[in-house]
Amino acid sequence: MKLEQIKPTVEFLQSEILKLIQNVDLLSDKDKQIMFRNIEDLINQFGTEVIEFVEPELAKVYENELKLTTNELSKQGVSLSNELNSQVHQSALANITSDTMMDLQAALRQAYFTTVSTINQTLKEVQSDISRGILYGQNRRKIIQRVSDSFINGGMKSFRTIDNKLLPLDFYTETVVRTKLSNARTHAHVNHYLATDNDLVYVTGNLDTCSECAKYQDRVFSLTGKDKRFPQLDVRDVIPVHPNCKCSVRPFVADFKSESEINKYIAKGKDFNPNLDPRTKKQRESYERDQKLKRKARQEMKNYNSIKAILGDDAPKSLGAYRRMKRSNSTGYVKMKQKLRVARQEMKG
């Protein structure tokens, strides 16, 4: 498995769970418990595949970053072996790997819990409708459809945010993996710098950046506080600043910098404030425009995946084709919307 395969793998996992839902007697406690065990096995199998990919990938990324930082230090007159054999590097990698495994395992448990609770709650509502005569008889097709719809909308959620939003398993898994790989990169660099007695780091990142990353980018920090000319910050504690953060660190070897360059960063360090957004109005507006375009693209992808799930082969062949027909409001797009309305009405029964 690769990072880009997580989403399609979860989509396949969801389709397999839907098959289980559609092929059991959902009102039979015995059949339902067998189905839940099979769902748990499927989710655990997915977890095993992700973990088998992540563990060696973390080691590879860490080692590659050691090579990169050795080259960068060498260009600035500092030499040190890049071998992944010191206790510091081994311990750092072990801790990052352990944290990653725990986060992923917690996500899998939550995904199973939300799936089971969603199905059980829907069946409870179905049985209530049957007893009240709202759902006449035990209409198997309608029961399956209601449970399937509930699972698609409410199942496979793996993390609850501080504002009480539930994140889908594929999104959260991708986020955990990306964040931990970024974490490995930062630790590899910083641990290597400290091993050379190089206390200073420079933080870099995207030109268009968020208010949080902007606080640290294009600044020099003293990792241990030994160099009083610069603000003290162990960047391993803050970078990545957030999930999918693009910030990175590079060595700042003062002995090989000009006096004007050093003074430039000393001056910048004096106004460092992690509680204030340092961006100009123009920079904030540029970032918001970029985010707006990305939100639009994500919503189009979400809409396309929903259409594909409902229409199957009648859906546009690709996301690009969907975007083109939507933006031009083509005849094919109008016909597709009509098919979608009919299909959704049929699903409601």
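Using the charge dipole of the stretch 217-340 (Lys, Arg: +1 at Cβ; Asp, Glu: -1 at Cβ; taken about the Cα centre), state which of Ala267, Tyr287, Pro251 has its Cα farthest towards the positive end.
Tyr287
Express in whole angstrom the spacing between the alpha-carbon centres of the stretch 157-188 and the stretch 216-292.
Here the answer is 24 Å between Cα centres.
Using the Cα centre of the stretch 199-279 as the reference point, and only Cβ charges (+1 on K/R, -1 on D/E), how large is the resulting charge dipole? Debye, rounded to the nearest 20.
It comes to approximately 80 debye.
Given an 8 Å cut-off on Cα distances and at least 6 residues of separation, report the relative contact order of the chain as a percent. Don't skip to the end; give the middle numbers.
Working: 375 pairs, mean separation 52.4, N = 349.
The value is 15 percent.
Round to the nearest 10 and give me the degree value, 0 to 90, for the angle of helix 29-75's Cα axis relative to the longest principal axis of the chain.
Value to nearest ten degrees: 20.
Translational diffusion coefficient of the stretch 301-349 at 4 °C, 1.567 mPa s, Stokes-Einstein with Kirkwood Rh over Cα pairs, in µm²/s as a whole number.
Details: Rh = 10.9 Å.
Answer, rounded: 119 µm²/s.
What translational diffusion coefficient, in µm²/s and rounded to a whole number, does the Stokes-Einstein relation yield for the stretch 215-273 at 37 °C and a viscosity of 0.692 mPa s, taking the hydrodynamic radius as the Kirkwood radius over Cα pairs?
In µm²/s, the coefficient rounds to 268.
Where does helix 6-22 land angle-wise versus the long Cα axis of the chain, in degrees 0 to 90, nearest 10?
Rounded to the nearest ten degrees, it is 20.
Roughly speaking, what % of Cα-Cα pairs in the stretch 3-177 are separated by over 31 Å, rounded to a whole number?
Distances greater than 31 Å cover 36 percent of the Cα pairs.
In straight Cα distance, which lysines are under 22 Å from Lys30, not counting same-chain residues fewer than 8 positions off?
Within reach: Lys19, Lys124, Lys142.
How are the alpha carbon pair distances in the chain distributed across 20 Å bins from zero to the largest one, expressed in percent?
23, 45, 25, 6, 0
How big is the dipole moment of the chain about its Cα centre under a simple scheme where the beta carbon of each Lys and Arg is +1, that of each Asp and Glu is -1, and everything else is neutral? Debye, nearest 20, please. All intermediate terms of the calculation are to be shown ahead of the outcome.
Numbers: 57 positive and 44 negative charges, 436 e Å.
Roughly 2100 debye for the chain.
Which order results if Tyr62, Tyr322 are arranged by neighbouring Cβ count within 10 Å, fewest first?
Taking fewest neighbouring Cβ atoms as first place, the list is Tyr322, Tyr62.
Setting aside same-chain residues fewer than 8 positions from Lys335, which aspartates and glutamates have a Cα under 12 Å from its Cα?
Asp314
Starting from 0.36 nm per residue, how many nanometres of slack lie between Lys281 and Gln127 once their C-alpha separation is accounted for?
Numbers: separation 154, 0.36 × 154 = 55.44 nm, distance 5.70 nm.
Full-extension gain reported as 49.7 nm.
Given a Förster distance of 35 Å, report the FRET efficiency between Gln22 and Leu166 from their Cβ-Cβ distance, rounded to the nearest 0.05. Don't jump to the answer; show the numbers that get you there.
Working: r = 24 Å, r/R0 = 0.68.
Working from the Cβ atoms, E equals 0.90.
Pairs of alpha-carbon atoms within less than 8 angstrom and 6+ residues apart define the contacts here; what relative contact order does the stretch 199-279 have, in percent?
38 percent
What percent do you get for the relative contact order of the stretch 95-219 when only Cα pairs under 8 Å and 6+ apart count?
Once divided by the residue count of the stretch 95-219, the mean separation gives 26 percent.
Give the angle, between 0 and 90 degrees and rounded to the nearest 10, that separates the Cα long axis of helix 281-311 from the longest principal axis of the Cα atoms of the chain.
For 281-311 against the chain, the angle is about 30 degrees.
For Lys67, which aspartates and glutamates qualify as cross-link partners when the Cα separation must be under 16 Å and same-chain residues fewer than eight apart are set aside?
Reachable aspartates and glutamates: Glu57, Glu83.
A short reminder: the numbers here are calculations on the coordinates, not readings from a lab. This is a predicted model, so every value here is computed, not measured. Here the Cβ is made from the backbone with ideal geometry for all residues, glycine too, and neighbour counts use every protein chain on show.
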